[in-house]
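First comes the structure, then the notes that go with it.
Derivation of every value follows stated rules applied to the coordinates shown; laboratory data play no part. Small disclaimer: the values here were computed from a predicted structure and weren't measured. For neighbour counting, all protein chains shown are included, and Cβ atoms are generated from backbone atoms with ideal geometry for every residue, glycine included.
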Amino acid sequence: MTAETANRSLEQILTQLSADDYYQSPGGRRTLIAYALIAGIPQGARVLDVQCGIGSSAVDVAEAFGASVYGFDDYPAYLAFGRQLANNRGLTKQIDFQAVSGEKAVTSYPEGDFDLVLGLGGGLSDTIPGGFEGGLAAASRWLKPKGAIITGDLIAPGKPSDLMKMVFGQKLHAEDDYLAAIDAAGFDLIYAGRSTTRDWENVASTMARLRARSLDLGPEDERQRQQLTEAARTHPEVAFLNVVARKR
């Protein structure tokens, strides 16, 4: 971390960022920037945003840390929204959004080239072949030594019930299993936190704003995933866990 970054508090950075804030998963901007500070992301970092969606995390990291950010997604309407966000905030020279599928992405980006890999909102779990374990392996491939991941997923605080398995399939990990997978993939946990009531309220507000703008919210499977995420807000068997971890 540079002296310039170290001398700025979380609240200072959040105050300096644009008012554009469109996170579709719990935690959002505050969690992203806090976890990046905890991980010691350097000013001018190279960042890969996996399944970047509408681009909020990419533009925030670019603006907050002067980062060069490469984001990929396979949905054109999301990428168009992200490019407009970057343009509105004067960040087009720092951000490269590309339409890339998960399987192709593994070899589309160079090995050992990034300081930070983002997988917010299930990006590592839902995008790369092999589920969460496959996503972690890809992140390890892309990262420099001691690089970091910031990832977030719906999890079961305890062992998933049969009902939850029917609803979510194999994608819903027990929290202990999720953290164990991160360790097994060669990452040291820095911090993990479940989303708060405020985080969930921010998601609900964001989705209402996006729907009011008639944004194309993705193909059918993406819409279903978002509906499940929103429904999980008040369900005792499901939580949302955000994690920052460092490559060994």
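Observations
- Burial ranking of peptide ranges 50-60, 148-158 (average Cβ count within 10 Å, highest at the top): 50-60, 148-158
- Fluctuation leader among SER125, SER214, SER25 - the chain, Gaussian network, Cα springs under 10 angstrom: SER214
- DSSP bridge orientation in the chain - percent antiparallel, rounded to nearest 5: 45 percent
- Per-residue Karplus couplings for segment 157-173, computed as 6.51 cos²θ - 1.76 cosθ + 1.60 with θ equal to phi - 60°, are listed in order as x, x, 5, x, 6, 4, 5, 5, 5, 5, 6, 9, x, 7, 7, 8, 8 Hz, Gly and Pro entered as x.
- Protection proxy ranking, peptides 239-246, 182-189, 12-19, average beta carbon neighbours within 10 Å, highest first: 239-246, 182-189, 12-19
- Helix-only [θ]222 nm of the chain, DSSP H runs n ≥ 4, -39500 (n - 2.57) each, per residue, nearest 500: -13500 deg cm²/dmol
- In the chain, the ratio of gyration radius to Kirkwood radius, Rg to Rh, stands at 0.93 when only Cα atoms are counted.
- Cα-derived Rg over Rh, computed across segment 1-113 with Rh taken as Kirkwood radius: 0.95
- When peptides 82-93, 127-138, 202-213 are sorted by average Cβ neighbour count within 10 Å, with the highest value leading, the order is 127-138, 82-93, 202-213.
- D by Stokes-Einstein for segment 46-105, Kirkwood Rh over Cα pairs, 4 °C, 1.567 mPa s: 119 µm²/s.
- Translational diffusion coefficient (Stokes-Einstein; Kirkwood radius from C-alpha pairs) of segment 108-248 at 10 °C, 1.306 mPa s, in µm²/s: 100 µm²/s
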